[in-house]
1. So which GluC sites (Glu not before Pro) in the range 1-89 are both in a DSSP loop and have at most 15 other Cβ atoms within 10 Å of their Cβ?
2. Please determine, in degrees from 0 to 90 and to the nearest 10, the orientation of helix 25-39 with respect to the longest principal axis defined by the Cα atoms of the chain, where the helix direction is its Cα long axis.
3. Just subtract the alpha-carbon distance of Lys67 and Gln34 from 0.36 nm times their residue separation and send over the number in nm, one decimal.
4. Choose one answer from Lys109, Lys37, Lys28: the residue with the largest mean-square fluctuation in a GNM of the chain with alpha-carbon springs under 10 Å.
5. Would you please name the trypsin sites (Lys or Arg not before Pro) within the range 43-104 that are DSSP coil residues with at most 16 other C-beta atoms within 10 Å of their C-beta?
6. Helix-derived [θ] at 222 nm for the chain: sum -39500 (n - 2.57) over DSSP H runs of at least 4, divide by residue count, nearest 500?
7. Cross-link list Lys28/Lys78; Lys78/Lys109; Lys35/Lys90; Lys90/Lys115: which exceed 30 angstrom alpha carbon to alpha carbon?
8. Give me the extension gain from Arg20 to Asp110: residue separation times 0.36 nm, minus the current Cα-Cα distance, reported in nm with one decimal.
Amino acid sequence: MPRTCENENCSNPLKGRVDRKFCSVYCKTDYHYQKRKESGKEYFKKTVDDQLRLNRRILRDYNLAGKTTVRKTELLNKEFNPRFITHWWKNQEGDTYLFCYDQGFKEVKDNDKQKYLLIQWQDYMNRQVF
């Protein structure tokens, strides 16, 4: 019985080495992609990591001075998603800032408009204990 490609989407016969598992590089890549997708690892690599990096880049691009205020809709229109964060920090007044790596934000209302107060992570934030 001739051996066939191990990729579920392919049934081509294998030619060449006796320990060969896939008929082409394409089939090998597709096989491993499907396995990662089933395991859930691909979701985090492609979706979560990509969104976190995008959020950080958007916050960094708007927060050139280290602290600024931007309309919420402005960031959302750039595909900023506030549900994807790496950590949070609470100041002495009890305000909670959400962070994407070193770029933080907090929702505020200014002149009846929804805005984000953007800040950059500072060394003193590591030392603060509540």
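Only the coordinates and a few stated rules stand behind these numbers; no lab work does. The structure displayed is predicted, hence computed values, not measured ones. Here the Cβ is made from the backbone with ideal geometry for all residues, glycine too, and neighbour counts use every protein chain on show.
1. Values: sites: Glu6, Glu8, Glu38, Glu42, Glu74, Glu79; in loops: Glu6, Glu8, Glu79.
Answer in residue order: Glu6, Glu8, Glu79.
2. Once rounded, one gets 50 degrees.
3. Computed gain between Lys67 and Gln34 is 7.6 nm.
4. Highest fluctuation of the listed residues: Lys28.
5. Numbers: sites: Lys45, Lys46, Arg53, Arg56, Arg57, Arg60, Lys67, Arg71, Lys72, Lys78, Arg83, Lys90; in loops: Lys78, Arg83.
Loop-located and lightly packed - Lys78, Arg83.
6. Values: 4 runs with 39 residues, N = 130.
So the calculated ellipticity at 222 nm is -8500 deg cm²/dmol.
7. Numbers: Lys28/Lys78 36 Å; Lys78/Lys109 20 Å; Lys35/Lys90 40 Å; Lys90/Lys115 19 Å.
Listed pairs above 30 Å: Lys28/Lys78; Lys35/Lys90.
8. Details: separation 90, 0.36 × 90 = 32.40 nm, distance 6.46 nm.
Gain in length upon complete extension: 25.9 nm.
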